[in-house]
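S.K.: First the structure, then my questions, so here it is.
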Amino acid sequence: MSETNKLKIFNDPIYGFITIPNTLIFDIIEHPYFQRLRRISQMGLSNMVYPGANHTRFHHALGCMYLMQKAIRVLRFKGVSINKEEEQALYLAILLHDLGHGPFSHALEGFFIPEVTHEDLSLAYMEALNIEFDGVLTDAIAIFTDKHPRKFFYQLISSQLDMDRLDYLKRDSFYTGVVEGSINSDRLIAMLHVKNDELVIEEKGIYSIEKFLLSRRFMYWQVYLHKTALLSEKLLLRILQRARELFNQGVAVTGSSSLLYFLEKRDIQSSQISSYIDAFAAIDDHDVWSALKEWQEHDDYVLSSLSKMIILRKLPRIELSKDGFSEDYIAKIKEKVRGMKGVTDKNIPHFVFEGKVSNHAYNVKSGAIKILLKDGRVMEWLSVDSQFSSTALTEQSVKYFLVYPKGISL
């Protein structure tokens with residue numbers, strides 16, 4: 001294949017045509033590690049609520065690269081020096097930042113390789129690609145791990161206003177049809193600047209930040225943590241935990257070789273991650289869906305009944321509370337459930353369980369959004385936007401949930 005043919009474009013429903021900057025980027029995109037992202041859903045099981053939410057991590061990664069291209073153009077126009085090598089490293093870092101996501105993205109985080117985050121796996125993949133591509137990802141890895149001397153590079157990859165968040169909010173809003181969550185990424189990127197090696201937003205962009213943070217909070221509670229999506233993902237995790245339990249007891253459990261490999265109990269140390277990345281790259285959403293379809297007919301009542309709940313979308317009930325649930329209330333529910341067909345004292349935790357979720361729209365401690373004032377001073381956003389005061393954004397919001405079967409009267 002000639003190099004000219006490698007300079008392709010993707011037609012994206014959000015941004016239009018996305019141009020591949022050079023042949024190296026094309027070769028990275030063509031690599032099996034990256035192509036796997038076509039089979040990893042961006043939003044887990046949110047399509048149980050929003051039928052259009054079927055886009056993938058592949059879409060998202062390309063979108064992030066497109067926004068990085070725009071950000072670099074804006075910063076160069078404003079006199080920020082970014083050379084060709086640094087530009088390439090930024091493209092690679094943002095393109096590969098989610099490479100370590102497993103099936104259903106965040107929904108099954110930590111299940112296949114316990115105690116290991118998708119960021120850890122992304123780094124392992126980048127290091128493997130760096131060897132394969134003769135060291136061309138060295139600077140990208142330095143940016144991804146926040147070890148590059150130019151600190152604002154890392155902020156473009158990971159911060160309160162990074163290219164990752166700017167893409168997923170706009171993209172997820174589009175595919176779910178939740179217009180209230182949409183953001184103006186063009187406006188926010190146009191307001192970017194660098195001061196003292198720190199990414200800042202020009203003062204005239206403060207109200208765009210308001211909209212961005214409010215949209216982010218709305219998307220978390222209305223979409224990402226929607227009670228039905230939350231329930232579906234927690235249920236999916238419990239199904240796989242049950243399958244692993246049975247598999248390691250010697251009970252026959254069907255599934256692809258890739259899935260069965262990770263159902264087997266393994267004590268994987270963080271230092272050993274690189275030994276498992278090829279096996280992890282072989283597993284995606286399709287392995288899990290195929291297994292769920294087969295497990296509907298499994299002899300184990302727990303595995304079969306929970307699998308049917310997902311496949312047929314016959315989900316149990318979920319209650320949400322700001323204050324949690326009393327032990328008496330949970331005991332009352334368990335007593336009612338205990339009399340249902342197939343439910344025993346031993347397996348009741350699979351059918352009645354609780355937990356909590358949280359959202360922090362703007363966490364100053366993890367990196368404040370800085371405003372570049374017209375007089376050249378840099379200040380934290382809230383200290384400038386004095387008209388805006390909302391604890392809903394600055395304080396962590398927690399909700400408790402309780403799951404139990406439908407059909408019981410309380």
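The values are calculated or read from the model by the stated rules, or taken from the named source; none is laboratory data. Predicted, not measured: the structure shown is a model, and the values here were computed from it. Every residue, glycine among them, receives a Cβ derived from its backbone with ideal geometry; neighbour counts consider all protein chains shown.
S.K.: Please list, ordered by first then second residue, the pairs with beta carbon atoms under 9 Å, 6 or more apart or interchain, first in segment 319-347 and closer than 23 Å to SER358 by Cβ, second of a type outside the set (A, V, I, L, M) and not in a strand (DSSP E or B).
M.R.: Taking only residues 6 or more apart or on different chains, the pairs are GLU319/LYS227; GLU319/PHE325; LEU320/LYS227.
S.K.: State whether one or more residues within segment 181-198 are touching a Phe, Trp or Tyr at 6+ places or on another chain (Cβ under 8 Å), under 22 Å from LEU320 (Cβ atoms), modelled with pLDDT under 95 and in a helix (DSSP H, G or I).
M.R.: Within segment 181-198, one or more residues are touching a Phe, Trp or Tyr at 6+ places or on another chain (Cβ under 8 Å), under 22 Å from LEU320 (Cβ atoms), modelled with pLDDT under 95 and in a helix (DSSP H, G or I).
S.K.: Turning to a different aspect of this structure: Hey, among LYS293, LYS334, LYS265, which residue is of a type outside the set (Gly, Ala, Ser), under 30 Å from LYS399 (Cβ atoms) and more than 24 Å from the chain's Cα centre (by Cα)?
M.R.: Result: LYS334 is the single residue among LYS293, LYS334, LYS265 that is of a type outside the set (Gly, Ala, Ser), under 30 Å from LYS399 (Cβ atoms) and more than 24 Å from the chain's Cα centre (by Cα).
S.K.: Considering only residues of segment 123-145 that are assigned to a loop (DSSP other than H, G, I, E, B) and without any contact (Cβ under 8 Å) to a residue 12 or more places away in the chain, which is surrounded by the fewest Cβ atoms within 10 Å (Cβ to Cβ)?
M.R.: The qualifying residue surrounded by the fewest Cβ atoms within 10 Å (Cβ to Cβ) is ASP134.
S.K.: Can you confirm whether ILE310 is modelled with pLDDT of 95 or more, within 23 Å of GLN42 (Cβ to Cβ) and part of a helix (DSSP H, G or I)?
M.R.: So ILE310 passes the test.
S.K.: So which residues in segment 313-344 are part of a loop (DSSP other than H, G, I, E, B), touching a helix residue (DSSP H, G or I) at 6+ places or on another chain (Cβ under 7 Å) and surrounded by fewer than 16 Cβ atoms within 10 Å (Cβ to Cβ), if there are any at all?
M.R.: Matches in segment 313-344: ARG313, LYS314, GLY342.
S.K.: Now for a separate question. Identify all residues within segment 336-345 that are basic (Lys, Arg) and at pLDDT 90 or above; write none if there are none.
M.R.: Answer for segment 336-345, where residues must be basic (Lys, Arg) and at pLDDT 90 or above: just LYS336.
S.K.: LYS211 passes all but one of (1) surrounded by fewer than 21 Cβ atoms within 10 Å (Cβ to Cβ); (2) within 21 Å of LYS78 (Cα to Cα); which number fails?
M.R.: It fails just one condition, (2).
S.K.: Could you count how many residues in segment 210-242 are hydroxyl-bearing (Ser, Thr, Tyr) and either farther than 30 Å from VAL253 by Cα or not in a helix (DSSP H, G or I) (or both)?
M.R.: The total comes to 3.
S.K.: Could you list all residues from segment 280-298 that are free of Cβ contacts under 8 Å to residues at least 40 places away in the same chain and either assigned to a helix (DSSP H, G or I) or loosely packed, with under 15 Cβ neighbours inside 10 Å (or both)?
M.R.: The answer is TRP289, SER290, LYS293, GLU297.
S.K.: Right, something else. List, please: which pairs have Cβ atoms under 8 Å, are six or more places apart or on different chains, and start with a residue in segment 172-197 that is on the phi > 0 side of the Ramachandran plot and end with one that is among the aromatic types (Phe, Trp, Tyr) and part of a helix (DSSP H, G or I)?
M.R.: ASP197/PHE152
S.K.: Six or more apart or on different chains, Cβ under 6 Å: which pairs go from a residue in segment 93-120 that's farther than 19 Å from SER274 by Cβ to one that's of a type in the set (Ser, Thr, Tyr)? Could you list them?
M.R.: PHE104/SER41
S.K.: Let me ask something additional. State all residues of segment 337-380 that are within 30 Å of ILE201 (Cβ to Cβ) and in contact with a Phe, Trp or Tyr (Cβ under 6 Å, 6 or more places away or on another chain); if no residue qualifies, say none.
M.R.: ASN359, ILE369, ILE371
S.K.: While we're on this one: Looking for whichever is under 30 Å from GLU198 (Cβ atoms), in a loop (DSSP other than H, G, I, E, B) and touching a helix residue (DSSP H, G or I) at 6+ places or on another chain (Cβ under 6 Å) here; the options are ALA368, ALA361. Which one fits?
M.R.: ALA361
S.K.: Could you run through segment 259-276 and say how many residues are assigned to a helix (DSSP H, G or I), surrounded by fewer than 18 Cβ atoms within 10 Å (Cβ to Cβ) and not aromatic (Phe, Trp, Tyr)?
M.R.: Number of matching residues: 6.
S.K.: Same structure again: What's the total number of residues in segment 388-403 that are touching a helix residue (DSSP H, G or I) at 6+ places or on another chain (Cβ under 9 Å), modelled with pLDDT under 95 and not charged (D, E, K, R)?
M.R.: Result for segment 388-403: 7.
S.K.: Anything in segment 214-237 that is closer than 20 Å to LYS293 by Cβ and either over 24 Å from the mean Cα position of the chain (by Cα) or surrounded by fewer than 17 Cβ atoms within 10 Å (Cβ to Cβ) (or both)? List them, or say none.
M.R.: Across segment 214-237, the qualifying residue is only LEU237.
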